[in-house]
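The values are calculated or read from the model by the stated rules, or taken from the named source; none is laboratory data. A quick note: this is a predicted structure, and the numbers were derived from the prediction, not measured. FYI the Cβ positions are ideal-geometry reconstructions off the backbone, even for glycines, and counts take in every protein chain you see.
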Amino acid sequence: MEKNIAVIKGDGIGPEIVTEAMKILDRVAEKYGHVFNYEQLLMGGCSIDVNGVPLTDETIERCKAADAVLMGSIGGDTTTSPWYKLPADRRPEAGLLGIRKALGLFANLRPCLLYPQLSGACPLKEEISSKGFDMLIMRELTGGLYFGNRKTEEIDGVMTAVDTLKYDENEIRRIAVKAFDVAMQRKKKVTSVDKANVLDSSRHWRKVVEEVAKDYPEVALEHMLVDNCAMQLVKDPAQFDVMVTENMFGDILSDEASMITGSIGMLPSASMNETRFGLYEPSGGSAPDIAGQNKANPIATILSAAMMLRYSFGMAEEADAVEGAVAKVLEEGYRTGDIMSDGMKPVSCSDMGDKITEFI
Ligand code: NAD
């Protein structure tokens, strides 16, 4: 197969970690007989330096023309970088929001997997962490509380603020379909998280999710209230497969879930639209404190590339090979600084990429 990949290396550790992910993709192409063409594009601080803005129409158009986008991270040190002296809509992060909107990326997929080799980094009790967990949180990204009407005004002499949580049935249906589609490629279980005991928007959410579930008889659907879900994540994370939820609930729950995996440098993510198109990036930021030192952990970006193979290109075997190679490298004891522990073998960012390549 031949695929065109738009590559946004970005700022800070972005260029280092994306270079390693491209190394892995090249190895996959060689082994499985594919051709991956890359087009490198600017976004974030590096685009401000060259173009005066964090995101250009050219970058958006080139991304739209590609089969998928692979991204590193954008942004700099928010206290010292001159990028943060600019107005908010010209700062690096504005590029990120802009590209998600321009590409219609409404579904954010965050797998949270505890590798047995890293279970020591999990802050949960051993009796819980020893069972391991492997879940994927699907967060609605373009609606809900973060996008509803809001205002702050004085009412009868009292300053009052209001935010609105609104979802129409189409917005719910399209994310539910995505969740069930992904569950079909995993353990065939969907947990839909809401607050249906209080919120109308949640009762509506639940009803539409149940309608969608009828088209997926093989997938087990359960509903869970968001407060209970926050508890279940630390009590028994092994129970989850695919979790689907609205924007703000997903924001909070996905951070809670990433915390129990132990390291931000291990967590991939994908943002997708209705088609197979997606933008794949690590969950972490540009880590200016270690940028340019060949110290960053490239695994989150490499696993993001594996998600791209699986979800955008339909290359399940190739994605399994990349994920298997990551597990093997961890088993062999290779560690970047962020996941280092006693008795393990320290490696640089590029060494880590080389080791993973060797095992594919
Ligand atoms: P950060 O995720 O960049 O760093 C937090 C800590 O985690 C740092 O100690 C860093 O060294 C470490 N870390 C992160 N990724 C790592 C990796 N791959 N390997 C090893 N260690 C890693 O968060 P921050 O410091 O709050 O933000 C720095 C910049 O990144 C800011 O400009 C912020 O706006 C931006 N940011 C960008 C994105 C994105 O591009 N999607 C996401 C979050 C933050």
Residues in region 16-65 that are within 16 Å of the ligand (Cβ to nearest atom), surrounded by fewer than 18 Cβ atoms within 10 Å (Cβ to Cβ) and free of Cβ contacts under 8 Å to residues at least 60 places away in the same chain: how many? 1
Which of the residues belonging to region 249-271 are without any contact (Cβ under 8 Å) to a residue 40 or more places away in the chain and away from the ligand (no atom under 15 Å from the Cβ)? Ile252, Glu256
Determine whether Glu171 is in a helix (DSSP H, G or I) and charged (D, E, K, R). yes
Name every residue in region 324-360 that is touching a Ser or Thr at 6+ places or on another chain (Cβ under 7 Å) and acidic (Asp, Glu), in order of residue number. Asp338
Considering Val177, Val208, which residue is under 20 Å from Arg276 (Cα atoms) and in a helix (DSSP H, G or I)? Val177
Here's a check for you: in region 85-117, which residue that is touching an Asp or Glu at 6+ places or on another chain (Cβ under 8 Å) and assigned to a helix (DSSP H, G or I) is modelled with the lowest pLDDT? Gln117
Out of (1) more than 10 Å from the ligand (Cβ to nearest atom); (2) farther than 24 Å from Met259 by Cα; (3) buried (at least 17 other Cβ atoms within 10 Å of the Cβ), the odd one out for Leu118 is which? (2)
From the list Arg90, Arg150, exactly one residue is of a type in the set (Lys, Arg), assigned by TED's automatic domain parsing to the domain that holds Thr245 and farther than 17 Å from Ile8 by Cβ. Which is it? Arg150
List every residue pair whose Cβ atoms lie under 7 Å apart, where the two residues are 6 or more positions apart in sequence or sit on different chains, the first residue falls within region 69-84 and is part of a loop (DSSP other than H, G, I, E, B) and modelled with pLDDT of 95 or more, and the second residue, located anywhere, is among the hydroxyl-bearing types (Ser, Thr, Tyr) and within 8 Å of the ligand (Cβ to nearest atom). Ile74/Ser286; Gly75/Ser286; Gly76/Ser286
Top-ranked residue in region 319-330 [being surrounded by fewer than 24 Cβ atoms within 10 Å (Cβ to Cβ) and within 29 Å of Lys64 (Cα to Cα); ranked as farthest from the chain's Cα centre (by Cα)]: Ala321
In this structure, does Lys131 turn out to be within 20 Å of Leu225 (Cα to Cα) and assigned to a loop (DSSP other than H, G, I, E, B)? no
Looking at region 272-279, can you tell me whether even one residue there is touching a residue at least 24 places away in the same chain (Cβ under 8 Å), within 11 Å of the ligand (Cβ to nearest atom) and either within 11 Å of the chain's Cα centre (by Cα) or part of a loop (DSSP other than H, G, I, E, B) (or both)? yes
